[in-house]
Amino acid sequence: MKDVVSQVLGFLTAIMLFLGTLNIKFSWLTEESISSFGVVLTAGIALSITLYTIYKNHYCFTEKAKKQKACLEREGLK
C-alpha cells in the first residue's frame, strides 16, 4: 500500500517540477499539498480495505454469506 502511495506522490512531484520548468505555476500544487494528499490517500486505502473486510466477513450482505450463516447455525458453530 505504501509503495502505491509513494509512486503516486512521486508522479505528482514530477508533474509539479515539469510544469515549473514550463513556467506554469499553480498556487495549490506545492510539496506540502502533495504530502497532505499522500496522508489522505493512505487513509483512504486503509479505510477501503477495512470496509471490504467487514463486508466480506459480515453474514447478511450476500446470498453466499446468508447460506454460510445458516450452515454455521445448523452445525451449532454460531
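Values as computed for the structure displayed
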quantity: Condition broken by VAL40, with the remaining ones in (1) free of Cβ contacts under 8 Å to residues at least 12 places away in the same chain; (2) more than 22 Å from the chain's Cα centre (by Cα) satisfied; calculated: (2)
quantity: Listing of helices (runs of 4 or more DSSP H) fully contained in the chain that carry 1 or more residues being among the charged types (D, E, K, R) and surrounded by 10 or more Cβ atoms within 10 Å (Cβ to Cβ); calculated: 31-57, 63-74
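The numbers here are math on the coordinates, done by the rules we state, and not lab data. All figures in this text were calculated on a predicted structure; none of them were measured in a lab. Ideal geometry is used to build each Cβ from the backbone, glycine not excepted, and the neighbour counts take in all protein chains shown.
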